[in-house]
Amino acid sequence: MAQQRRMTRQVQIGLSHSEKARKLSSSGFYEEALKELNIALRAFEAENKNGLWDDAVAGVLNNAGYVYLFTGNYQGAEDTFRSALEIKERLNDKRSLAATLAGIADACRGQCRFDDAASRLQDALDIAVSIKDDAMGRALMASMDALERTRCDMPDANFKKVDFDELYAPAAGTDLSARLAHLSIKAKDPGEIIIAADIGFPYLMHDMGGSHPYPAMAFLFPKDTESVLIDQGVTDEEEHPVASTARKFSGILYGPGSYCRAGPQPMPVCKQYRYTFGEGHLLSWHIGANGWYHVEATLSLNYEAGLRLCIAMPFGSVKLRSSSISIDRPSDWSAISLVGGNFMEGRRLETARLPYDLHRAIYQGPAKARIKSEAGTTMRYGVLSLEMIK
């Protein structure tokens, strides 16, 4: 005769603390919830003679696995889900087994083991099909879609648009190495900036593919800075004009390989944002194999109170050889700086600070009519920032 389960003191403790953990977890108190779940687990295990309370133990472990997921402890989540899975395989509760497999998939996704996550989701989907659970099947298919979007840095299926510009540089730009032979910036009086650059891609073995030109250079100012692009042009090394486009831009420019702002959450440990931001103009053109280009742009803006211009180039590597700055009426300015920086990288978007991570100061000192520097530098996803201070 099969043993009957009895509502002992230990079982009551397990149920009580499980319910406390549920309420704490739903309110975001995850560490406290884990403490309650540990108490519940010990209580159920004390009464689990001959597997009478296997389902309760597996349930507590499953809940703890999800709490670990919420805290970002993906290895802890996977270990706990696997412990629950061993028990559920003995119980042969297929619906519950599929849910735990989905939990393991979430833990693998968080650790960037995307193939393992896909395999677990497929196992769960096979179970859902075998028991004809259409609702579970649809949920698992949605999880598979979210997994691929995570893997490929794509937005979530239901992402919300924002009221600022966002542009993601093509992933192929990660392998692009740009050589900036010379950068010239002229601050003309009154309120005109002329930028000229000689930029090449000597290690590019083939043309950048695709029908869209590459967003190669952005001229960005702090938010709410009004500027007008008066003129721009790109020519190749034989001085032939190259078709280029320019457009107003006000928002975030993401470097190649950045995770999407609207990508599935939580963000896996191997992913991060790579970005800069500002308001200005974005210049794009088709980049050819081993191509060299001369870029010129003239901008009009009022910078009587000061100037911060960032020239952003979303390439995996940007090597600057030399630079020059020319200033009308240098006596109007107390200090000038030109620094090389990198696109910011992190798991949060921070737009209340400078739009780059400082790499190297190229010039910092008093204003002069002409400042020339041979101080080269190599940047990752480069940003060159000119600041003129009254």
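Sorted on the mean count of surrounding Cβ atoms within 10 Å across their residues, most packed first, peptides 284-293, 174-183 read 174-183, 284-293. Taken one residue at a time, the phi angles of segment 374-389 give Karplus couplings (6.51, -1.76, 1.60, θ = phi - 60°) of 9, 6, x, 7, 10, 10, 9, 6, x, 10, 9, 10, 9, 10, 10, 10 Hz. Gly and Pro are set to x.
The modelled label-to-label distance between C112 and K186, using points 7 Å beyond Cα along the C-beta direction, is 4.6 nm. At an R0 of 22 angstrom, the distance between the Cβ atoms of Q122 and N92 translates into a FRET efficiency of 0.65. Distances between placed amide hydrogens fall under 5 Å for Y214 paired with W285, H286, I287, all partners being 5 or more residues away or on another chain.
For the pair segment 17-67 and segment 68-125, the centres of their Cα atoms are 17 angstrom apart. Stretching A139 away from S373 to a fully extended chain increases their span by 78.3 nm, per 0.36 nm per residue minus the current alpha-carbon distance. What the Cβ-Cβ distance of F70 and S300 gives, at R0 = 51 Å and to the nearest 0.05, is a FRET efficiency of 0.50.
Annotation: cysteines of the chain without a disulfide-compatible partner (Cβ-Cβ under 4.7 angstrom) are C108, C152, C260, C310. When each of the peptides 80-87, 186-193, 45-52 is scored by the mean number of other C-beta atoms lying within 10 Å of its residues, the order from highest to lowest reads 80-87, 186-193, 45-52. Extending 7 Å from Cα along the Cβ direction at D328 and again at A243 yields two label points whose distance is 3.6 nm. Where a Cα-Cα gap under 20 Å defines reach, which aspartates and glutamates qualify for K188, not counting those fewer than 8 residues away within the same chain? Correct list for K188: E226, D231, E296, E304, D328, D332, E387. Measuring between their Cα centroids, segment 329-371 and segment 139-211 lie 21 Å from each other.
When both bridge partners sit in the chain, DSSP labels roughly 85% of those beta bridges antiparallel.
Computing Rg/Rh (Cα atoms, Kirkwood Rh) directly from the structure and comparing it against [x] 1.14; [y] 0.97; [z] 1.16 singles out [z].
Helix-only arithmetic for the chain: the sum of -39500 (n - 2.57) across DSSP H runs with n ≥ 4, divided by the residue total, places the mean residue ellipticity at 222 nm at -10500 deg cm²/dmol. Once you order the gyration tensor axes a ≥ b ≥ c over the Cα atoms, which shape class does segment 215-321 get: rounded for a/c under 1.5, otherwise prolate or oblate by comparing a/b with b/c? Here segment 215-321 falls in the oblate category. Database remark: amide H of M379 closer than 5 angstrom to the amide H of V318, K319, L320 (H placed geometrically; neighbours at sequence offset of 5 or more, or on other chains; Pro and chain starts carry no H). Length gained on full extension, M7 to A46: 12.8 nm, using 0.36 nm per residue less the C-alpha separation.
In straight-distance terms, cross-link reach from K271 covers every one of the aspartates and glutamates whose alpha-carbon lies under 14 Å from its own, apart from those fewer than eight places away in the same chain; here that gives E148, D153, E345.
Put a plus charge on the Cβ of each Lys and Arg, a minus charge on the Cβ of each Asp and Glu, and nothing anywhere else: the dipole of the chain about its Cα centre is then about 1160 debye.
Taking the chain as a Gaussian network, Cα atoms linked when under 10 Å apart, which of Q364, Q111, Q122 shows the biggest mean-square fluctuation? Answer for the Gaussian network model of the chain: Q364. Helices in the chain that qualify as membrane-span-like (whole DSSP H runs, Cα extent of at least 15 Å along the helix axis, mean Kyte-Doolittle hydropathy of -0.5 or higher) are 30-47, 54-71, 94-110, 114-130, 134-151.
Here the Karplus relation 6.51 cos²θ - 1.76 cosθ + 1.60, evaluated at θ = phi - 60°, turns the backbone of segment 342-347 into coupling constants of 10, 3, 6, 9, x, 9 Hz, with x for every Gly and Pro.
Net charge dipole, segment 9-153: roughly 320 debye, given to the nearest 20, about the Cα centre with Cβ charges of +1 for Lys and Arg and -1 for Asp and Glu.
Each value in this text was obtained by applying a stated rule to the coordinates, not by laboratory testing. All figures in this text were calculated on a predicted structure; none of them were measured in a lab. In this analysis, Cβ positions are derived from the backbone assuming ideal geometry, glycine residues included, and neighbour counts consider all displayed protein chains.
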